[in-house]
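Here the structure is laid out as structure tokens; the discussion comes afterwards.
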Amino acid sequence: MQTILGANGQIATELARALRGTYTDELRLVSRNPRKVNDTDNPVSADLLDARQTLDAVKGSGVVYFTAGLPPDTALWEARFPTMLKNALNACREAGASFAYFDNTYMYPQDARLLTEETLFAPVGRKGKVRAVMASMVLKEMARGEIPVLIGRAPEFYGPGKTRSFTNTLIIEKLQAGRKPRVPVRDDTRRTLIWTPDASRALAVLGNTPDAFGQSWHLPCCDDRPTYREFVSMASEVFGRSAAYAVIGQRALTAAGLFSKPVREIRELLPRYAQDNLFDSTKFKRRFPEFAVTTYRQGLELIRWAWAPPPAALSILARH
């Protein structure tokens, strides 16, 4: 049996689909209010802040995936995330389960260097420090060697469904609503984005590859790294909208944070949008050359199709 801790987010949803389709007939989905993704899923309600509930949720698992998320609230992250992760690691050690940790890049330097699995942590801001503490906890567990442990790390998302990111919120959702997209900070810096279903499929591959454990992995992204100017142009073409957009400068976003808590919560991420974001996933692609990475245009077209299927597709759906 395989288990997903933190089972309601987009990454967990896509992970459940990837695991059930290829790797396991027994899948446990754990969160406070879990919902089935596949008909055969076993939803289990548990609070990861409670060590006993976490252990009970993990018992009997061969592989456990930690994909838990929290709202972008710094104090909440500091108070809850390390405890949730500690409970998960302790539970896996007691249950003898392998542990696959889904991570982001908040702990990395926010500059234009090429980011690889060997890049040293240099967090900017309190959220970055929380993620650095958490990644370090997982690395210590990996070094302890009592259970197999791996890290799968992803850059900024874009994707379908409940995917939450600057790119989805400010560009894709604006285009879907027929409104002018907004670009954070600059439109001429290169971005590395990951298609959320690719991130989840790749984590499933790693979790079911014994020699992938004991390592950190950058999950696979396209090597194109478009600027936001190029990305908006591509997305506007796919969605059949005007290519006009506006850039929201760092000063404007900082000023908005004086009046808006949600904006304040993302200010520490702004330096990464003033620089090229060069996330390298060569290691994964060399180890798994058969893994098909979704291109940016393919991803945008899939979102467009799901949002508003073309007439031919609608006629096919109407007959079923």
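Among the candidates F102, F121, which residue alone is aromatic (F, W, Y) and either surrounded by fewer than 21 Cβ atoms within 10 Å (Cβ to Cβ) or in a helix (DSSP H, G or I) (or both)?
F121
Please work out which residue is modelled with the lowest pLDDT, limiting yourself to region 236-246 and to residues that are in contact with a Lys or Arg (Cβ under 8 Å, 6 or more places away or on another chain) and either closer than 21 Å to A306 by Cα or small (G, A, S) (or both).
Here the answer is S242.
Does R32 meet the test of being within 29 Å of I303 (Cβ to Cβ), touching a residue at least 12 places away in the same chain (Cβ under 8 Å) and of a type in the set (K, R)?
In short, yes.
Does any residue of region 171-179 turn out to be touching a strand residue (DSSP E or B) at 6+ places or on another chain (Cβ under 6 Å), over 22 Å from G21 (Cβ atoms) and surrounded by fewer than 20 Cβ atoms within 10 Å (Cβ to Cβ)?
no
If I filter region 215-224 for residues that are under 19 Å from the mean Cα position of the chain (by Cα), at positive phi and either modelled with pLDDT of 95 or more or not acidic (D, E) (or both), do I get at least one hit?
No: zero hits.
Taking interchain pairs and intrachain pairs at least six residues apart, which have beta carbon atoms under 8 angstrom, with the first residue in region 88-108 and among the acidic types (D, E) and the second modelled with pLDDT of 95 or more and assigned to a loop (DSSP other than H, G, I, E, B)?
D103/A154
The values are calculated or read from the model by the stated rules, or taken from the named source; none is laboratory data. Everything numeric here is computed off the predicted structure, so don't read it as measured data. So basically every Cβ, Gly included, is an ideal-geometry build from the backbone, and we count neighbours across all protein chains shown.
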